[in-house]
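Chemist: One structure is given below, represented as structure tokens, and several questions about it will come after.
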Amino acid sequence: MQDDPPMLADSHCHLDFPELQPDFAPVMARARAAGIGRFITIATEVRRHDALVALAEAHEDVFATVGTHPHWAGAERGVPADRLVSLAAHPKIVGIGEVGLDRLLTDAPWDAQQDNLAAHIEAARRTGLPLVIHSVGEDEEMGRALVRAHAEGPIRVVMHCFSGGDTLADINLARGHFLSFSGMLTFEGRDAVRAIAARVPAERLLIETDSPSLAPAPHIDQRNEPSYLRYVLRELAYLRGEDELALTRQLWRNLHAAFPKLPPC
Ligand SMILES: [Zn+2]
Ligand SMILES: [Zn+2]
């Protein structure tokens with residue numbers, strides 16, 4: 001590892017979302033000035049794949065994924081694993097998803113969410129790329145799906161914006177999955193997820209902003225942007241009683257372990 005100031009990486013953001021477009025260049029400049037050296041902009045709809053690829057191609061430090069977010073599962077159901085696998089061949093596509101289960105924040109059809117999850121699991125297994133999972137209020141169903149998936153063969157998994165309980169955390173940790181923590185760590189009433197963030201083995205940790213959503217304190221309820229990753233790092237270091245620089249180095253190694261298609265830096 002180099003002696004330069006260590007770099008941060010936003011492991012999960014949505015750089016293509018409309019909220020970030022009016023001042024996109026300053027947003028990216030602020031993030032880079034805050035020490036963020038890599039961004040993974042996460043797909044929400046396969047139909048927008050070309051735009052996401054164009055964004056990643058335009059910026060050396062931006063990478064992308066391919067998949068259908070559960071909130072769009074009704075509008076985009078049944079994209080076959082074959083199609084995900086073939087789109088994932090692009091050199092800047094480093095993961096599959098985000099996909100998952102969520103009946104709390106969306107009324108997208110449950111059967112479509114489950115079918116999409118199965119196709120994305122298959123694509124992750126065939127490509128060896130990590131599956132980026134969105135799971136909100138579905139600990140039991142998600143736990144069962146992950147146990148079933150592993151019974152059919154190993155997959156890599158990143159649980160993004162982890163908000164589940166101890167049981168779902170332990171199902172993931174026992175299978176070598178990564179847990180990614182967001183600005184939610186700074187929200188009031190989130191003691192359970194803070195306790196999990198404090199106890200996750202260091203080599204299984206990731207951080208993210210999920211920009212433009214989930215802005216951390218002191219920007220809660222404002223638009224989120226990747227430069228606010230600093231607040232997530234600070235909170236995580238505080239919770240774990242760790243040094244921010246040492247944690248940054250660990251998180252950088254973890255990012256490349258979680259997303260092995262990223263070029264070494
Ligand atoms: Zn999500
Ligand atoms: Zn997201």
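FYI, it's all coordinate maths here, none of it is from the lab. This one's a predicted model, so the numbers in the text were calculated from it and none came from an experiment. Cβ sites come from the backbone with ideal geometry, for glycine too, and all protein chains shown count toward neighbours.
Chemist: As a footprinting exposure proxy, order V232, V62 by other Cβ within 10 Å, with the fewest listed first.
Modeler: V62, V232
Chemist: Let me ask another. Work through the residues other than I155 whose Cβ is under 12 Å from its Cβ and net out their charges, Lys, Arg +1 and Asp, Glu -1.
Modeler: +3
Chemist: Counting other beta carbons within 10 Å of each Cβ, put H49, H90, H69 in order, fewest first.
Modeler: H90, H49, H69
Chemist: List, in order, the whole-Hz ³J(HN,Hα) value for each residue of the range 248-262 obtained from phi through the Karplus relation with A = 6.51, B = -1.76, C = 1.60 and θ = phi - 60°; use x for Gly and Pro.
Modeler: For the range 248-262, the Karplus curve yields 4, 5, 4, 5, 5, 4, 4, 4, 6, 6, 6, 10, x, 7, 4 Hz.
Chemist: Give the order of T209, T167, T106 when sorted by the count of other beta carbons within 10 angstrom, beginning with the fewest.
Modeler: Listing T209, T167, T106 from fewest to most nearby Cβ atoms yields T167, T106, T209.
Chemist: Explain nothing, just the number: dipole magnitude of the range 184-265 about its Cα centre with +1 on each Lys and Arg Cβ and -1 on each Asp and Glu Cβ, in debye rounded to the nearest 20.
Modeler: Roughly 280 debye, rounded to the nearest 20.
Chemist: Add -39500 (n - 2.57) for each DSSP H run of 4 or more in the chain, then divide by its residues: what number comes out at 222 nm, to the nearest 500 deg cm²/dmol?
Modeler: -12000 deg cm²/dmol
Chemist: Going by average Cβ neighbours within 10 Å, how do the peptides 53-60, 8-15 rank, with the highest at the top?
Modeler: 8-15, 53-60
Chemist: In whole Hz, what ³J(HN,Hα) sequence does the range 86-103 give by Karplus (6.51, -1.76, 1.60; θ = phi - 60°), x for Gly and Pro?
Modeler: Once θ is set to phi - 60°, the couplings for the range 86-103 become 6, 5, 6, 6, 4, x, 9, 8, 10, x, 10, x, 8, 9, x, 10, 6, 10 Hz.
Chemist: Follow-up question, since we're still on this one. Could you give the spread of the C-alpha atoms of the range 8-258 along their three principal axes, from largest to smallest, in whole angstroms?
Modeler: 42, 40, 32
Chemist: Same structure again: Given charges of +1 on the Cβ of Lys and Arg and -1 on the Cβ of Asp and Glu, with all other atoms neutral, how large is the dipole of the chain about its Cα centre, in debye to the nearest 20?
Modeler: So the magnitude is around 580 debye.
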